[in-house]
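The values are calculated or read from the model by the stated rules, or taken from the named source; none is laboratory data. Values in this document were obtained by computation on a predicted structure and should not be read as measured data. Neighbour counts are summed over all protein chains in view; Cβ atoms, including those assigned to glycine, are modelled from backbone coordinates with ideal geometry.
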Amino acid sequence: MNPQLIGVEELTGTYPFDIRQSIKAMRLNRFFWQMREQQARNRWLEDRTSAYDLAGLTEEERTLVDNTDWLGLIRYGVCFFVLEKFARVAKITNLGMYASMRGETLEAFLKTRQVPDAV
């Protein structure tokens, strides 16, 4: 284990992304990374099953994606930066994704920010 991560599990809300997580979630990370390509985006928008089959996603992984379970995806080992790419395909803003990760609506989340009227 990386010595810098010793005790990290005691920090609530901390989900380190390390080599072990990266390997575990490699199929999903690759799937999301491909969302930068129009063909991959179209495939997912038009036929999710085909997109998932092509990526070799497991049932658990497909469920995480279908439910846009952002926090579940992070806990599973997906890199946040590829989730940002996918959020655009799913028509969800970064702020919407952050709110969901906190278990809040976008409106409730925005009230916790320094500029609550910003969207």
Pairs returned, first residue in region 57-75 that is basic (Lys, Arg), second residue that is at pLDDT 95 or above, beta-carbon separation under 7 angstrom, 6 or more apart or interchain, are ARG62/TYR52
Scanning region 2-56 residue by residue, the ones that are aromatic (Phe, Trp, Tyr) and more than 20 Å from ASP66 (Cβ to Cβ) total 2
Exercise. Would you be able to say whether some residue in region 40-54 is surrounded by 12 or more Cβ atoms within 10 Å (Cβ to Cβ) and small (Gly, Ala, Ser)?
Key: yes
State whether one or more residues within region 35-58 are in contact with a helix residue (DSSP H, G or I) (Cβ under 6 Å, 6 or more places away or on another chain), closer than 23 Å to ARG113 by Cβ and of a type in the set (Phe, Trp, Tyr).
no
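Yes/no per residue for (1) of a type in the set (Ser, Thr, Tyr); (2) more than 13 Å from TYR76 (Cβ to Cβ):
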residue	(1), (2)
GLN4	no, yes
VAL8	no, yes
GLY13	no, yes
GLN21	no, no
LYS24	no, no
MET35	no, yes
ALA40	no, yes
TYR52	yes, yes
Within region 55-100, the residues that are over 14 Å from the mean Cα position of the chain (by Cα) and surrounded by 16 or more Cβ atoms within 10 Å (Cβ to Cβ) are ALA55, LEU57
